[in-house]
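As structure tokens, the structure follows; a few thoughts come after it.
Only the coordinates and a few stated rules stand behind these numbers; no lab work does. On a predicted model such as this, the values are computed, not experimentally measured, just so you know. A quick note on method: Cβ atoms are made from the backbone with ideal geometry, for glycine too, and the neighbour counts reach across all protein chains shown.
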Ligand SMILES: Cc1ncc(COP(=O)(O)O)c(C=O)c1O
């Protein structure tokens, strides 16, 4: 039996760096805040696992009232089912024989739903499900403006439904509709109006499909940044918010009522010349597609560039010593968690738990 992790009880100042950290209180308040929003609503929370990829945190989301988990990848869904989750949505297309076989096998162990947007997807999944004697739930993905995957709303979606319902070992479960093109609209009112208008396309498509007799059990979609707008719409059933749990620098601008719980603990490793500091993290430790990290407690210190794998150079730094600890706040929590294998959870600057990130690097 593995012993207790030696880092539990350590002060943050004693840790090696870079290390991924989670502020327990902040994260718990985020989970509670989101759960409270959905408590008495018809729409329910199905959090997106891609945010943290950590089973312990996902279990806390379910304990707080979420109806199941959303995943981006089949391999993430496999991790969840392995750990006892019984209702998982893969909100993406699963393509290729090996993958449809894995999907069909997984559907023997849990309720598995997956997005499709053409007959090829549905036929391949149906064939694999027949071979495995399982049933896979299909959500027809409708493109409500993002321009990624998805059949067009209205007649094209209806046509696809008409055809897939004839296939064996699949069940038409509803629609997947994600307003991803609007999640970063900074003005909240504009974001709300545009997201609700986009989601209306999915709701109208549901009405059309139901008007000819096919039951649409669910519309699933939405992000952390539209939880209170799309999530309050009549006709939207499941909300796939992810980042609210950990938060990051980008989402703080969008939904400031949630707290930044995630940070990367880093150190100054060199002060080669006056005003310059070199930090021990680069693109291998912090996701930065949405911009460079912020530095907690030093809002005025800018990171001018962040191109190195393991280093970050700050040109105008305060009076930091070699060894100084800093909390980097990533702009993108999801890709940051995918770079790490564990999260150290802390309270009052003391490590209280170490959680593995079981689905880190699971890309297939
Ligand atoms: C299909 C899908 N649903 C929901 C989300 C929302 O996640 P978040 O709350 O992290 O923006 C995403 C984000 O990429 C997504 O791709």
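For segment 177-256 and segment 106-148, write down the distance between their C-alpha centroids in whole Å.
21 Å
Multiplying the sequence separation of residue 11 and residue 146 by 0.36 nm and subtracting their Cα-Cα distance, what value in nm do you get?
Net length gain for the segment: 44.1 nm.
Measuring from the lowest to the highest alpha carbon on each principal axis, how far does segment 24-246 reach, largest first, in angstroms?
Sorted from largest, the Cα extents of segment 24-246 read 47, 38, 28 Å.
Mind sorting 97, 105 by how few other Cβ atoms lie within 10 Å of their own Cβ, fewest first?
With the sparsest Cβ surroundings first, the list reads 97, 105.
Label-point separation (nm) for residue 273 and residue 159, each offset 7 Å from Cα along Cα-to-Cβ?
With each label point 7 Å from Cα toward Cβ, the separation is 6.5 nm.
Take each of the peptides 40-47, 64-71, average the number of other beta-carbon atoms within 10 Å over its residues, and list them starting from the highest.
Result, highest mean first: 64-71, 40-47.
Given points 7 Å out from each Cα along the Cα-Cβ axis, report the residue 284 to residue 28 separation in nanometres with one decimal.
Label at residue 284, label at residue 28, 3.6 nm between them.
From the square roots a ≥ b ≥ c of the eigenvalues of the alpha-carbon gyration tensor of segment 1-114, which class results: rounded (a/c under 1.5), prolate (a/b over b/c), or oblate?
Verdict is oblate for segment 1-114.
Please check which bits of segment 112-138 a label hung off residue 83 would reach, taking the label as a point 7 Å along Cα-to-C-beta and the cut-off as backbone N under 11 Å.
none
Given labels modelled 7 Å from the Cα in the Cβ direction, how far is it in nm from residue 184 to residue 297?
About 3.1 nm separates the two model spin labels.
If you rank 214, 227 by fewest surrounding Cβ atoms within 10 Å, what's the result?
214, 227
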